[in-house]
Amino acid sequence: MLDRDSLSPRVRAVWDRLDRVADPELDEPITDMGFVETVAVSDAGEAHVTFRLPTYWCSPNFAFLMAEGIRREVGALPWVAGVKVRLEDHLCADEMNAAVNEGRDFAEAFANGDGRGDLGAVREKFERKAFQRRQESVLLGLKALGFEPARIAAMTLGELDLITFEDPETARQQARYRDVLTGRRLAVAADDHAFPDLDGTPLTEAGWRERMGELRAVRINMEFGGVLCRSLGKARYKEAAPIAGEPTLVDFIQNRVPPRAAAG
């Protein structure tokens with residue numbers, strides 16, 4: 001695991017911003033998924049981020065959304081003079097890297113008659129799933145604290161903000177849920193309902209079971225995808241236990257194998 005305390009302040013700041021970029025299908029940070037390979041910052045303040053996905057054929061849509069997210073989040077740091085994003089070992093890496101670093105959108109990058117187009121619908125689909133997964137996590141956390149469905153259904157945003165979850169994962173999802181809740185303008189003021197659905201309809205005690213069933217289905221689907229994704233990545237890059245001093249598959253992919261080892 002990366003020891004961020006050992007990094008320079010600027011490199012550490014970039015890593016912290018990358019925590020905000022999620023795999024759109026799984027709603028898990030790309031840092032937690034192990035997608036980020038390298039981070040570097042030049043003396044001039046240009047940030048360079050290299051990432052790699054579990055398979056060569058991972059959806060170009062998802063890859064582009066992640067690349068855009070990297071550029072957007074890292075570029076938000078006030079001292080960053082520029083951001084260079086590099087996706088490696090992907091069938092669309094060349095087109096994607098060029099487009100993202102030139103500020104072009106997905107449709108422009110793949111305007112070659114292959115049927116790929118605007119990512120708005122894809123982005124919306126996965127933002128909705130992310131909202132649902134985060135909401136379920138907070139609802140389950142409240143249940144674990146002893147809150148009954150009727151009390152949860154009546155909870156306001158201000159009341160939710162006063163609750164502290166001891167479980168680190170629930171606390172993390174509470175903050176993430178609030179971000180998307182306010183970002184979509186579903187709840188902004190302290191007296192707004194804390195648990196609307198995506199259409200703005202408040203959760204009710206009578207609708208508790210149905211809502212929780214819907215959210216559970218979304219979570220199970222996303223968790224299955226996460227397990228599959230991690231397994232594919234492990235199989236691709238760590239096919240065997242490393243032997244001390246011997247290069248691994250990743251070493252060969254990144255061209256960091258000494259000539260003697262490569263020839264042997």
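No value in this document is a laboratory result; all are computed from the given coordinates. Keep in mind that this is a model prediction, so the values were computed, not measured. All Cβ positions, even for glycine, are placed from backbone atoms using ideal geometry, and neighbour counts span all protein chains on display.
What separates the Cα centres of segment 138-205 and segment 1-53 is a distance of 29 Å. Diagonalising the gyration tensor over the Cα atoms of segment 4-118 and scaling each eigenvalue by 5 before taking the square root yields semi-axes of 24, 16, 11 Å, largest first.
Once you sort the root eigenvalues of the Cα gyration tensor of segment 121-223 as a ≥ b ≥ c, which label holds: rounded (a/c under 1.5), prolate (a/b larger than b/c) or oblate (the other case)? Rounded, because the longest to shortest axis ratio a/c is under 1.5.
Give me the percent relative contact order of segment 121-223, please, defined on Cα pairs under 8 angstrom at least 6 residues apart. Across segment 121-223, relative contact order equals 37 percent. For segment 115-186, trypsin sites (Lys or Arg not before Pro) are listed when DSSP marks them as loop and at most 10 other Cβ atoms sit within 10 Å of their Cβ; the list is ARG185. Pairs of Cα atoms nearer than 8 Å and 6+ residues apart set the relative contact order; for segment 1-54 it is 25 percent.
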